[in-house]
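The values are calculated or read from the model by the stated rules, or taken from the named source; none is laboratory data. Source: prediction; values computed, not measured. Neighbour counts are summed over all protein chains in view; Cβ atoms, including those assigned to glycine, are modelled from backbone coordinates with ideal geometry. These area figures cover heavy atoms from the full protein model, side chains too; ligands, DNA and RNA do not enter into them. Shrake-Rupley method; radii C 1.70, N 1.55, O 1.52, S 1.80 Å.
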There are 2 protein chains.
Amino acid sequence: MYTYPLSSRILLAIDCIIFGFDGKDIKLLLIKRNFEPEKGNWSLMGGFLKEEEDLEAGAGRILHDLTGLTNIYVEQLEVFGKINRDPAERTVSVVFFALIQIDEHDAEAVKSHNASWISLDKRPQLIFDHNQMVDRAIEHLRYKAALHPIGFELLPENFTIPQLQKLYEAIYNTPLDRRNFSRKLLSTGLLIDTGFKNNNSATKKATLYRLDTIRYKEKFHAFWNFMPDAMKTPQS
Amino acid sequence: MYTYPLSSRILLAIDCIIFGFDGKDIKLLLIKRNFEPEKGNWSLMGGFLKEEEDLEAGAGRILHDLTGLTNIYVEQLEVFGKINRDPAERTVSVVFFALIQIDEHDAEAVKSHNASWISLDKRPQLIFDHNQMVDRAIEHLRYKAALHPIGFELLPENFTIPQLQKLYEAIYNTPLDRRNFSRKLLSTGLLIDTGFKNNNSATKKATLYRLDTIRYKEKFHAFWNFMPDAMKTPQS
DNA sequence: TCAAAAGTGTTTATATTACACCCATGA
DNA sequence: TCATGGGTGTAATATAAACACTTTTGA
């Protein structure tokens, strides 16, 4: 069998951007490293691809290690491959973009990794090129959420329209008109009324909806054009 | 300095999907391999990332080798990393998506690589997972061209509206209404009348336009919503 | 003078925006 | 009973879609 004798092998890392939503702010799951290198500094959760492991499986493993969850929404975001991005050794990192329901994570696992949920506007400096990775992920979140129904991935199974609106307002950092938002959302046909009401509110209780998962899959790749026109200047 | 003694190094490949447009069909630049492995079979143009080379530089090098061009429109598409995708050895491939102006390539360079421009519907089976890569790239082309003004990257500097329409009809494999297409396009403000007319036509000569590169850059990230609604079911 | 392709305008339907009032709840 | 947040309707505007005739050209 043919082999490739002349080419050099490179260390392949996986880094995960993990977004959550606490009902008010978009948060990132970051770790304060209690291991080398860069011990004591903040970074994304990551690891190295194993020899006997597919790329997506590697991302799944790393995400499961930290959160205890499987079936997380994950996509490849971008590969970061600058020569000196890791001062220790040439390392190419495949960055994954994950959205999780913040209240479902395993708090023990998170704690044992010395990880915390941190609001976007309070995030510390991160090691290496992880800041750029996060910037890129935020851009991607804004872009993708305007075109595809991914917002739901950040909410619990049953959610209210005002909750979803707060999520979008947090993503785009802008207020939205309640009436237009609600109409547009309901007109997608993606929401099913559970018949229940939200109990959290001290005032009028909001209707709890759930996703129509069939239509969600059908409509996922359709363009949504969800944000008002003024917001339409994100990227790539 | 810290190193990563326990992790395994992996061969990192770069594969390039290169699209062109000949005025009628979307074409792919593919190579009939006159080297091992898989000699005699068709594949994408590719190579291995060098130790002293950034990822994007590697893609640029491979694209330049084959086409003689620099300043090609390139983006990262996706990383393919299944364990056994290359039977010779574990190889992870970063796939790049490139659009070129077909008449500007260096025919000699292409010939010396045993490469040819092949219409999408006539493409042969490719080695390894290169068929999936191409499928993914076609999806991406349809998706991206509906939202961003990338079609121009496939046309000569001066082009006519009917040429651009034929390009979009080729991408989406569907006829478009000339009047609506033209109005929508001109309303973007992206086109500048060169004052010249196309001489190719045996009938009425079409106006030659060029891109307003300033506005092109400004508007690149704005959503375009360019294709009619019926077409809006591509992906990711 | 005729065939082939370019250029343009209007009407209709649909989607988006802006905006204000009433309702339910528990403190 | 009042403050807070939830729910809904309508009119004006903008955008998109469907559709047909006139112009230019060179064979």
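Numerical summary
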quantity	calculated
Nearest beta-carbon to the B/A symmetry axis - residue in chain B, distance in Å	B:R9, 2
Peptide-level mean, for B:48-57, of C-beta atoms on other protein chains within 10 Å	5
Phi to ³J(HN,Hα) by Karplus 6.51 cos²θ - 1.76 cosθ + 1.60 over region A:88-97, Hz, x for Gly, Pro	6, 5, 3, 9, 9, 10, 8, 9, 10, 10
Anchor A:K184: aspartates and glutamates whose Cα lies under 18 Å away (excluding residues fewer than 8 positions away in-chain)	A:E169, A:D193, A:D212, A:E218, A:D229, B:D229
Nearest-20 debye value, chain B charge dipole, Cβ charges on Lys, Arg, Asp, Glu	980 debye
Rounded to the nearest 10 Å², the accessible area of A:M227 at probe 1.4 Å	10 Å²
Point-charge dipole on Cβ atoms (K/R +1, D/E -1) for region B:151-226, about Cα centre, debye to 20	260 debye
Nearest-first distances (nm) between copies at B:K24, label 7 Å from Cα via Cβ	6.5
Portion, in percent, of the accessible area of chain A that falls on carbon or sulfur, probe 1.4 Å	48 percent
Placed amide H near B:K197: partners under 5 Å, 5+ positions off or other chain	B:L208
Contact order normalised by residue count of chain A, Cα under 8 Å, 6+ apart, percent	21 percent
Test item: B:155-166 mean partner chain Cβ contacts at 10 Å	0
Distance violations [Cα-Cα > 23 Å] among B:K122/B:K205; A:K111/A:K205; A:K27/A:K166; A:K144/B:K24	B:K122/B:K205; A:K111/A:K205; A:K144/B:K24
Most to least packed among B:81-91, B:14-24 [average Cβ atoms within 10 Å]	B:14-24, B:81-91
For A:D103, label point 7 Å along C-beta direction: distances to other copies, nm	6.2
Rg to Rh quotient for region B:11-129, alpha carbon positions, Kirkwood Rh	0.94
Charged-residue dipole, Cβ positions (Lys, Arg, Asp, Glu), region A:11-146 about Cα centre, Debye nearest 20	500 debye
Per-residue average of Cβ from other chains inside 10 Å of A:8-15	6
Backbone HN-Hα couplings from phi across region A:171-188 [Karplus 6.51/-1.76/1.60, Hz, Gly and Pro as x]	4, 9, 6, 7, x, 10, 6, 4, 5, 5, 4, 4, 4, 4, 5, 5, 5, 6
For the pair B and A, total buried accessible area rounded to nearest 100 Å², probe 1.4 Å	4600 Å²
C-alpha center-to-center spacing [region B:92-156, region A:39-62] in angstrom	31 Å
Accessible solvent surface per residue of region B:48-204, calculated while the other protein chains remain in place, 1.4 angstrom probe, Å²	47 Å²
Helix B:55-67 vs. chain B, principal-axis angle (Cα, 0 to 90°, nearest 10)	70 degrees
23 Å Cα-Cα reach of B:K50 towards lysines, excluding residues that sit fewer than 8 places from it in its own chain	A:K50, A:K82, B:K39, B:K82
